[in-house]
1. Using only the alpha carbons, work out the radius of gyration and Dmax of region B:405-459 in angstrom.
2. Can you bin every Cα-Cα distance in region B:133-288 into 5 Å intervals starting at zero and give me the percent of pairs per bin, rounded to whole numbers?
3. With +1 assigned to the C-beta of every Lys and Arg and -1 to the C-beta of every Asp and Glu, and no other charges, what is the dipole magnitude of region B:405-459 about the Cα centre in debye, to the nearest 20?
4. Zone of A:Glu99 (label point 7 Å along Cα→Cβ, backbone N under 15 Å): which residues in region A:40-84?
5. If all Cα-Cα distances of region A:2-113 are sorted into 5 Å bins from 0 onward, what percent lands in each bin, rounded to whole numbers?
6. For chain A, set up a Gaussian network in which alpha carbons nearer than 10 Å are linked by springs, and say which option among A:His237, A:His29, A:His221 fluctuates the most.
7. If the chain between B:Thr58 and B:Lys100 were fully stretched, how many nm would it gain, using 0.36 nm times the residue separation less the Cα-Cα distance?
8. Please report the Cα spread of chain B along all three principal axes, rounded to whole Å, starting with the longest.
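Readers should treat all values here as calculations from the given coordinates under stated rules, not as data from a laboratory. This structure is a prediction, so every number in the text was calculated from the model and none was measured. Reconstructed Cβ throughout: ideal geometry from the backbone, glycine too, with neighbour counts over all protein chains shown.
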Amino acid sequence: MAVGLFIPCYIDQFYPDVAIATLEILERHGLEVAYPASQTCCGQPMANSGCVDDARPLAVRFLELFGDYEYVVAPSGSCVSMVKHHYEDHVSGLAGFQELKDKTYELCEFMTDVLCVETIDARFPYRVGLHESCHGLRELRMGKSSEVAGPNFSKTRRLLEMVEEIELCDLQRPDECCGFGGTFAINEEAVSCLMGLDRLADHEQAGTQVITATDMSCLMHLGGLISRQKKPIHMLHIAQILAGGRLPGEHH
Amino acid sequence: MNTTAENHSSKAGVFVSDSDKAHWHDSALWFVREKRDKQVNDVPEWEKLREAASAIKTHTVAQLDQYLQMFEQKATALGAKVHWAQNAREHNEIVHSILKNHGAQRVVKSKSMLTEECHLNPYLEQQGIDVVDTDLGERIVQLRKESPSHIVLPAIHIKKEEVGDLFHQHLGTDEGATDPSYLTEAARNHLREKFLAADAGITGVNFAIAETGGIVVCTNEGNADLGVTLPRLHIACMGIEKLIPRTKDLAVFLRLLARSATGQPITTYTSHFHGPQDDSELHIILLDNGRTSLRDQSDYQEALHCIRCGACMNTCPVYRRSGGHSYGTTVPGPIGSVLNPVSDSATHNSLPFACSLCGSCTDVCPIKIPLHHQLFTLRDQIRRNGNLALTKRIAMFLTGRILGSASLFRVVGRMGRWVMRGFPWLFHNRFNLWWKQRDMPPAPKQSFGAWYSANRKEKHR
């Protein structure tokens, strides 16, 4: 099974460990993983800012680079939802796009839906607060959002529950937005930061030691606030926990 | 441009700067959202109701002209007088002419966002008519000479201490009194006098039934009933999108409306008016004011399905923390951020950006309006209309160019991280809005791309 690995631009630059953990998880499942070197970005920063024309070449490039793989996997619900929901206008006429939409997966949903993972060889003896990143939750439907009626489920939570010794914290608001929102974090700085601080307060009351999420962008924003406030909470992308990662400073 | 008085983020910044009040506001609305969730989870067919409501609205809007004609015919046959208004000015003039014909000087009005949209109160006051809003929240904002900050909870931004001061000043309640029961009783007595003295009652309309010509008004305070039962003149003001085809469709919408709005199974009063009462007149004004134009815009047409429940406001993490007045519009929040820029993107260009695209509004909407997708699309529309700040357009053009070339991206990334490591102070300044409350992300020496070519070279291509 040939998998094309898509690494979001800011993870490539700022969080290489998240990308390495993603790669390791896929390799551990015996997959043939390739990382096309000329990839850059899904185009979301431009599209979210209303500059859709500036995002178009990136959509075309994404299709060119990833169209031939059996699956495309990315450690980001947001970038995957960009491909699935917002590429339509740019590349819908091009060969292979409909297939690309169907075979592009966020890492966790790829693990639950394609690899049908039932056990995970990882141990993480901490109180973990799961931040349900909005685009994974409400665009990719990786879980039931609190607004919608029906039986509860969460693909990310299910995977975390397979990790040994992990303790998942209960939040008062299980799926409120962290306030990152791409350029929103800058355009609406005051509201964005208050939203983030409110999320942190919820995690603190729940006794969270480590916040995890499917999207590092949420954690970059929350982590920036934590670091400034010198709060004793750590940030790890879900791929890092599922790959058996440890906290910085922890001995093997 | 983005520096106009309508800019949401600057007004939101002021609201957020009083973080106690912002948190109080957030909690008050989240309380309503949780009440709503509890009600919703007690209805096993909730998602089916949402789908049915969406389908009924889609059907109705597609044949709006026919249903409007049917409604006019049936309502007229019941003895009501139907008027058509193209815009707010026409609407207000029609209301005034009806009042004038009856020599009506004192008017009581129940809650109607449509009359807020038309700025009916100031218009009638200019004509020397005394208009009193009889919904408690609306009366509070009217006495404060403000506009509602929420379409269902107009005074949600005002604390009970502020209401106490206001009532002390206007209604003569005890100074410093803040007990809600006491203040409500004072308002009730004050409004009772207004009801008894009124020459005419104005109401909004929640639903108009095409097959019967009847209208339905939902309130929790019974003020619509009082306001139109005592006087001999009832003027009902409605947008043309309030139409539903059949009486039985009401069963779908009434179950959705109050649960979504306030977390009640049904509003306390659901009043049906089929024609005028004995010895009375019922006038129904059908207003367009941009609704036909919205209907013709396929990207945003579904916004016309809105039943004004306010659930998108209660759930919106931005609305809850920035307050309704930060939107500078009659209808704020997610639905207001669609409706207002669609009709005037130059004035309201900041509203679609007052959104983190979390999608909660879309999931909470009882009519399944894809609000956050519409907000996403509107951003592009605003740029195409020339209403996106030039600095943003240039920034995004350059970002797009850098990301458009893998080699340029690698070079700029490597240089950027080098600067971040070596000269962090360059980023630690007030021009960097990220840094104002957040530390910068780490700037590792090696990107993943570089790590990959060093460690997985055989697979590199």
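1. 14.0, 46
2. 2, 8, 16, 18, 20, 15, 11, 6, 3, 1, 0
3. Taking the Cα centre of region B:405-459 as origin, the dipole is about 60 debye.
4. In region A:40-84, the label zone of A:Glu99 (backbone N under 15 Å from the point 7 Å along Cα→Cβ) covers A:63-72.
5. All Cα pairs considered, the percentages come to 2, 13, 24, 26, 20, 10, 4, 1, 0.
6. So, out of A:His237, A:His29, A:His221, the one fluctuating most is A:His29.
7. 11.3 nm
8. Result for chain B: principal-axis Cα extents of 90, 56, 44 Å.
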